[in-house]
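*Asks:* Please see the structure below; I have some questions.
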Amino acid sequence: MKKELPKIYEPQEVEGRVYEAWEKNGCFKGVRDPDKRPFTIVMPPPNVTGQLHMGHAMDCTLQDILIRFKRMQGYAALWVPGADHAGIATQAKVEESLRENEGLSRYDLGREKFLERVWDWKNKYGARIVEQQKKMGVSCDWDRARFTMDEGLSKAVRHVFVSLYDKGLIYKGSRIINWCPHCVTALSDVEVEYQDKPGSLWHIRYPIQGEADKYVVVATTRPETMLGDTGVAVNPADGRYAGIIGKTCILPLVGREIPIVADEYVDLGFGTGCVKMTPAHDPNDFEVGLRHSLETIRVLDDHGRVAQGYGKYSGMDRYEARKAIVADLEEGGWLVKVEPHQHNVGTCSRCHHDVEPLISAQWFVKMQPLAKEALRVVREGETKFVPERFSKTYANWMENVRDWCISRQLWWGHRIPAWTCEDCGKITVSETDPSNCRHCGSARIKQEDDVLDTWFSSALWPFSTLGWPENTEDLQYFYPTDVLVTGYDIIFFWVARMIFSACEHTGRPPFHTVFIHGLIRDDKGRKMSKSLGNGIDPLEMAEQFGADALRFNLVTGNSPGNDMRFYTERCEAMRNFANKIWNASRFVLMNLTIDSCALPEQLELEDKWILSKLNSLIPEVTDNMERYELGVAAQKVYDFIWDSYCDWYIEMTKARLQGDAPAAKERAQQVLCYVLSETLKLLHPFMPFITEEIWQALPRRPEEDREAFLMLQRWPQQNGRLSFPQEERAMELVMEAISAVRARRAEMNVPPSKKARLTVATLETEVFAAGIPFLKRLAHASEVTIEGVSAAADSEQAAQEGMVEVITHAARLFLPLAELVDLDKERERVQKQLKKDRAELEKLDTKLNNPGFVNKAPAHVVQAERERAEKLRALLEQLEQSAAALG
RNA sequence: GGAGGCAUAGCUCAGCCGGUAGAGCGCUCGCCUCACACGCGAGAGGUCACAGAUUCGAGUUCUGUUGUCUCCACCA
């Protein structure tokens, strides 16, 4: 911290410098330590393609808060960073840039050359992501950064593949899969997003073979697939069609003879009750086709074009073919009618083109056996979701999970470690490149061209990053990890797959807690997206308001698992909070003459009040943190700093700091420093930069390491000797009086510069005597007289003397400002308050007269209510006198 | 069709062992009070969606209703 402190906190100047200092001093190192318990966080590795977006910023912030908290609590905290190779996304980006800049496709370059380009890209953008994360303040161990295509992680991938294959849990087969004709690859089920789109339902007439003028009418949303029809199905219970089951019909335009079969799958109530069967292009038709041995004829190629052999339709794009076929059907008189029809169309989650279901030979992971254990560990609480409701989402998916299609027709990724023998046709699967076929010994073997789904390697992240399959010391010490933080949108993609992978390969769930957060939306509640152009760049926010402010914004004002709207105004508010802390600290430092902030022996009332407040804050915040209620914890620290420390305590110390007693002055400094320093520790996980910067400038406590960083200090502990409940209450009586006087003055529009004598009638003479300096300074009293009288005794007299009377629970205060009083307004005010307090007292009395309440409610609650009623009764009595005096 | 979230101040949202309804922004009034106008002080503003149930006591627990959003499933 510089000697001359600016009045406005400038985060840009501080944040980079502070981070550099931490990094240079190895503050982030996750070190194995036999004396410590490990705490490990699994970071969702961002895609190498990218730019850090708000979702990452949220991930980073929550994780960093947790890891800093645990580190300060004395755990051996490890946070492994890294990046994901993001198969389709990255390949698409590189292909795009290749096309735009050089007019080349990946095929022009060839596999090897193309992959070199992708690696170049990875090196460039991977580094950028790291810089962006550092700007957010994340304290992970950068030396341990991993990439999903590193040698070590690739080895883990091959090991897992071979192991699952050997156990019969990976197989290759021809199945109906989701195919993206734009990305030209197979997709897994979770990579398909369904969108409601307007479409049509075409009713088409298929003539029955050998029966002139007899037809079945089928209804379809995708007429172009009729080229691949190999049957028509009706429900066996459908009386309308009982007579035609077993007959055949002639496929229009194609002329193929196809059977009419009966299958329960057909819904009698929908369309015409007759369904055309296209087993090669529809998952349901495929199932029906299996039951009735229907042929499968694939009519669309990998790019979504009509295959060869269909005359003029061949080579047409599927939508073009649809138009042509509909036109021809109409012309031929086959088209009965067209109805508008809303239906749910599967689209590629990457490029949003319509997905084409089709039959293709792909690799799959058999899910049933894996899901069993993955369900158990969550059901039995070995892995918990926070909030808990997401375990239902998880279980529901896992219970109905289908086999996972893991092969992708891409180049960028882990190439499938399987070789097909050109002699015997059998497959050899191996971790290392085999030179011969395992079955016949032939050297004529060829590796699969396809790569694995990106999530196949991401699923291993918690253990592959720690050295698995080697039994490394890191793995032994840090694994299983503790917490995974991520958005609910990737529970299926990643969380579920990590859990079953870890259970299968390490025998243990990968973490005990999955901390789920919601999505960040724009200020209108819309998803942030490129196409809408409504994305808010976290780095821009950090630049403008500071990463601390951005972090604080992200963590407060929302509850775990719920979506959050992003308001720039809130960033600004948090920036203001940072500035508030800055100036409070500036105030403390400006008044500083001491060089250590040990607590003094002699404590004043206000010292005990703030220390006691702090002392109860500590366990509350700690508790909230441990229960992942980070927003609540942050809010409590915020309130303490702004309300208790700044608005009250600092103001109260000014009397001493600006007085002439050197010892009292020094004691005030000690307590100011002590409380600030402890508070900075509590705030540090949320606002790491500014807290570190200020803490470096503060004097140390004797037990603190002068050279150390705040981020490595011990988390504050509650201290039994710093609890002063009586003084807390006493101080608050004075504070109540101050607020009440200020309110009265404000009502009468008395400017702060106009001081007035203040007479306090109270039984708590000692308390108010101690409060004189505060009444003077904060209630604008020129002088204060304390009268140790029963407050009720002479209110009438006071009123007659033309004093303004202020009534609180513990005192009656008189101000010689009667000339400023508007009697009508005054009467109105008193009546209003009387009404409110009477109602309140009545409520309380009813409650206290209720035997049910007195007998059944906990004693302390009853006691508290009694005290409240007593105080209220006394206050009312005085208000009534006051009202009477006003007439 | 199945599952879940949400409904609290003008707006956006906290409020997680049931015990006097909160914050930020906005609004009104007064203040450049020697840390801070990115500030200080004082206010206005709420039938906690609706109906029941449990309880001495419900914004908070349970059931149902309505509205709204999301996820899963996929009747061509």
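The values are calculated or read from the model by the stated rules, or taken from the named source; none is laboratory data. Just so it is clear, the model here is predicted, and its values are computed rather than measured. We place every Cβ from the backbone using ideal geometry, glycine too, and count neighbours over all the protein chains shown. These accessible areas exclude ligands, DNA and RNA; they are computed on the full protein's heavy atoms, side chains included. Shrake-Rupley method; radii C 1.70, N 1.55, O 1.52, S 1.80 Å.
*Asks:* How about the range A:628-719: which helices (runs of 4 or more DSSP H) wholly inside it have at least 3 residues that are hydroxyl-bearing (Ser, Thr, Tyr), touching a Gly at 6+ places or on another chain (Cβ under 9 Å) and at pLDDT below 95?
*Replies:* Answer list for the range A:628-719: none.
*Asks:* In addition: Can you say whether A:Glu783 is more than 13 Å from RNA strand B (Cβ to nearest atom), open to solvent by 60 Å² or more (accessible area, probe 1.4 Å) and in a helix (DSSP H, G or I), as far as the supplied structure shows?
*Replies:* On the way: more than 13 Å from RNA strand B (Cβ to nearest atom): yes; open to solvent by 60 Å² or more (accessible area, probe 1.4 Å): yes; in a helix (DSSP H, G or I): no.
Here the answer is no, as A:Glu783 does not meet what is asked.
*Asks:* With respect to A:Glu13, determine if the residue is within 16 Å of RNA strand B (Cβ to nearest atom) and either open to solvent by 10 Å² or more (accessible area, probe 1.4 Å) or over 29 Å from the mean Cα position of the chain (by Cα) (or both). So that I can check it myself, show each step before the final result.
*Replies:* On the way: within 16 Å of RNA strand B (Cβ to nearest atom): yes; either open to solvent by 10 Å² or more (accessible area, probe 1.4 Å) or over 29 Å from the mean Cα position of the chain (by Cα) (or both): yes.
The answer is yes for A:Glu13.
*Asks:* Another question about this same structure. Taking the range A:138-171 on its own, how many of its residues are surrounded by fewer than 18 Cβ atoms within 10 Å (Cβ to Cβ) and among the β-branched types (Val, Ile, Thr)?
*Replies:* Going through the range A:138-171 one residue at a time, the tally reaches 1.
*Asks:* With the condition being more than 13 Å from RNA strand B (Cβ to nearest atom), buried (at least 21 other Cβ atoms within 10 Å of the Cβ) and not charged (D, E, K, R), I'd like the strands (runs of 3 or more DSSP E) fully within the range A:207-304 carrying at least 1 qualifying residues.
*Replies:* Values: elements: A:215-220, A:231-234, A:248-250, A:257-262, A:274-277.
Output list reads A:248-250, A:257-262.
*Asks:* Would you mind finding the one in A:Glu431, A:Glu422, A:Glu382, A:Glu373 that is exposed (fewer than 15 other Cβ atoms within 10 Å of the Cβ), of a type in the set (D, E, K, R) and either at pLDDT 95 or above or away from RNA strand B (no atom under 16 Å from the Cβ) (or both)? Full working, then the answer.
*Replies:* Values: A:Glu431 fails: exposed (fewer than 15 other Cβ atoms within 10 Å of the Cβ); A:Glu382 fails: exposed (fewer than 15 other Cβ atoms within 10 Å of the Cβ); A:Glu373 fails: exposed (fewer than 15 other Cβ atoms within 10 Å of the Cβ).
None of the others qualify; the one that does is A:Glu422.
*Asks:* Still on this structure, I have one more. As an exercise: evaluate A:Thr568 against (1) among the hydroxyl-bearing types (Ser, Thr, Tyr); (2) surrounded by fewer than 17 Cβ atoms within 10 Å (Cβ to Cβ); (3) under 16 Å from A:Ile65 (Cβ atoms) and give the number of the one condition it does not meet.
*Replies:* It is condition (3) that A:Thr568 fails.
*Asks:* For the structure I just gave you, tell me whether A:Leu539 is more than 10 Å from RNA strand B (Cβ to nearest atom) and under 23 Å from A:Lys134 (Cβ atoms). Steps first, answer last, please.
*Replies:* Values: more than 10 Å from RNA strand B (Cβ to nearest atom): yes; under 23 Å from A:Lys134 (Cβ atoms): yes.
Criteria met by A:Leu539.
*Asks:* Residue under question is A:His860, and the condition is that it be near RNA strand B (Cβ under 10 Å from one of its atoms), assigned to a loop (DSSP other than H, G, I, E, B) and on the phi < 0 side of the Ramachandran plot; does it hold?
*Replies:* On the way: near RNA strand B (Cβ under 10 Å from one of its atoms): yes; assigned to a loop (DSSP other than H, G, I, E, B): no; on the phi < 0 side of the Ramachandran plot: yes.
So A:His860 fails the test.
*Asks:* Take the residues in the range A:815-826 that are touching a strand residue (DSSP E or B) at 6+ places or on another chain (Cβ under 9 Å) and in a loop (DSSP other than H, G, I, E, B); name whichever of them is modelled with the highest pLDDT. Steps first, please.
*Replies:* As a first pass, look at the range A:815-826 and keep what is touching a strand residue (DSSP E or B) at 6+ places or on another chain (Cβ under 9 Å): A:815-818, A:820-821, A:826.
If we keep only those that are in a loop (DSSP other than H, G, I, E, B) too, we end up with A:816-817, A:821.
Numbers: A:Pro816: 86, A:Leu817: 81, A:Val821: 75.
Result: A:Pro816.
*Asks:* Let me ask something else about it. For the range A:488-502, does any single residue satisfy the condition of being near RNA strand B (Cβ under 8 Å from one of its atoms), within 30 Å of A:Leu466 (Cβ to Cβ), surrounded by fewer than 18 Cβ atoms within 10 Å (Cβ to Cβ) and not basic (Lys, Arg)?
*Replies:* yes
*Asks:* Can you tell me which of (1) at pLDDT 85 or above; (2) within 13 Å of RNA strand B (Cβ to nearest atom); (3) open to solvent by 30 Å² or more (accessible area, probe 1.4 Å) is the one A:Phe774 doesn't meet?
*Replies:* Unmet condition: (3).
*Asks:* Going by the structure shown, is A:Asn558 touching a helix residue (DSSP H, G or I) at 6+ places or on another chain (Cβ under 7 Å), open to solvent by 10 Å² or more (accessible area, probe 1.4 Å) and farther than 30 Å from A:Gly525 by Cβ? Write out each step before concluding.
*Replies:* On the way: touching a helix residue (DSSP H, G or I) at 6+ places or on another chain (Cβ under 7 Å): yes; open to solvent by 10 Å² or more (accessible area, probe 1.4 Å): yes; farther than 30 Å from A:Gly525 by Cβ: no.
In short, no.
*Asks:* Here is a check on your reading of the model: is A:Lys70 open to solvent by 10 Å² or more (accessible area, probe 1.4 Å) and closer than 21 Å to A:Gln635 by Cα?
*Replies:* Details: open to solvent by 10 Å² or more (accessible area, probe 1.4 Å): yes; closer than 21 Å to A:Gln635 by Cα: yes.
Spelling it out, A:Lys70 is indeed open to solvent by 10 Å² or more (accessible area, probe 1.4 Å) and closer than 21 Å to A:Gln635 by Cα.
*Asks:* Just checking, which of A:Leu841, A:Leu848, A:Leu872 is within 13 Å of RNA strand B (Cβ to nearest atom), under 30 Å from A:Asn749 (Cα atoms), modelled with pLDDT of 85 or more and part of a helix (DSSP H, G or I)?
*Replies:* Values: A:Leu841 fails: under 30 Å from A:Asn749 (Cα atoms); A:Leu848 fails: under 30 Å from A:Asn749 (Cα atoms).
Matching residue, one of A:Leu841, A:Leu848, A:Leu872: A:Leu872.
*Asks:* Restricting to the range A:585-614, name every residue that is open to solvent by 10 Å² or more (accessible area, probe 1.4 Å) and either in contact with a Cys (Cβ under 7 Å, 6 or more places away or on another chain) or away from RNA strand B (no atom under 16 Å from the Cβ) (or both).
*Replies:* A:Ile594, A:Asp595, A:Ser596, A:Ala598, A:Leu599, A:Pro600, A:Glu601, A:Gln602, A:Leu603, A:Glu604, A:Leu605, A:Lys608
*Asks:* Name the residues in the range A:504-536 that are among the aromatic types (Phe, Trp, Tyr) and more than 14 Å from RNA strand B (Cβ to nearest atom), would you? Steps first, answer last, please.
*Replies:* Pass one, the range A:504-536, residues among the aromatic types (Phe, Trp, Tyr): A:511, A:515.
Result: A:Phe511, single match.
*Asks:* Only one of (1) within 12 Å of RNA strand B (Cβ to nearest atom); (2) surrounded by 19 or more Cβ atoms within 10 Å (Cβ to Cβ) fails for A:Arg656. Which number is that?
*Replies:* (1)
*Asks:* Just need a number here: residues in the range A:732-771 that are within 13 Å of RNA strand B (Cβ to nearest atom), under 15 Å from A:Val806 (Cα atoms) and either assigned to a loop (DSSP other than H, G, I, E, B) or basic (Lys, Arg) (or both).
*Replies:* Count: 5.
*Asks:* Which of the residues that make up the range A:719-751 are farther than 19 Å from A:Arg812 by Cα and either in contact with a strand residue (DSSP E or B) (Cβ under 7 Å, 6 or more places away or on another chain) or of a type in the set (Ser, Thr, Tyr) (or both)?
*Replies:* Across the range A:719-751, the qualifying residue is only A:Ser723.
*Asks:* Name the one entry in A:Arg812, A:Arg866, A:Arg829 that is in contact with an Asp or Glu (Cβ under 8 Å, 6 or more places away or on another chain) and at pLDDT 85 or above.
*Replies:* Details: A:Arg866 fails: in contact with an Asp or Glu (Cβ under 8 Å, 6 or more places away or on another chain); A:Arg829 fails: at pLDDT 85 or above.
One residue alone meets the criteria, A:Arg812.
*Asks:* Does A:His439 qualify as being more than 28 Å from the chain's Cα centre (by Cα) and either surrounded by fewer than 18 Cβ atoms within 10 Å (Cβ to Cβ) or within 16 Å of RNA strand B (Cβ to nearest atom) (or both)?
*Replies:* yes
*Asks:* I've got another one for you. Can you go through A:Asp317, A:Asp282 and tell me which one is under 16 Å from A:Thr220 (Cβ atoms) and modelled with pLDDT of 90 or more? Before you say what the answer is, go through the steps one by one.
*Replies:* Numbers: A:Asp317 fails: under 16 Å from A:Thr220 (Cβ atoms).
The conditions single out A:Asp282.
*Asks:* Sticking with this one: I'd like to check something: does the range A:350-368 contain any residue that is within 15 Å of RNA strand B (Cβ to nearest atom), touching a Lys or Arg at 6+ places or on another chain (Cβ under 8 Å), of a type outside the set (Ser, Thr, Tyr) and farther than 17 Å from A:Thr220 by Cβ?
*Replies:* Yes: the range A:350-368 contains one or more residues that are within 15 Å of RNA strand B (Cβ to nearest atom), touching a Lys or Arg at 6+ places or on another chain (Cβ under 8 Å), of a type outside the set (Ser, Thr, Tyr) and farther than 17 Å from A:Thr220 by Cβ.
*Asks:* Could we say that A:Gly315 is outside any helix (DSSP H, G or I) and more than 15 Å from RNA strand B (Cβ to nearest atom) here? Lay out the reasoning, then the answer.
*Replies:* Working: outside any helix (DSSP H, G or I): yes; more than 15 Å from RNA strand B (Cβ to nearest atom): yes.
For A:Gly315, the condition - outside any helix (DSSP H, G or I) and more than 15 Å from RNA strand B (Cβ to nearest atom) - is met.
*Asks:* Only residues in the range A:608-629 that are aliphatic (A, V, I, L, M) count as the first member; pair them with residues that are within 11 Å of RNA strand B (Cβ to nearest atom), Cβ under 6 angstrom, at least 6 apart or cross-chain, and list the lot.
*Replies:* Every condition considered, the pairs that remain are A:Ile610/A:Tyr649; A:Val621/A:Ala633; A:Val621/A:Lys636; A:Met625/A:Ala633.
*Asks:* Please go through (1) more than 7 Å from RNA strand B (Cβ to nearest atom); (2) among the aromatic types (Phe, Trp, Tyr); (3) at pLDDT below 95 for A:Tyr567 and return the number of the only condition it doesn't satisfy.
*Replies:* So A:Tyr567 meets the others, but not (1).
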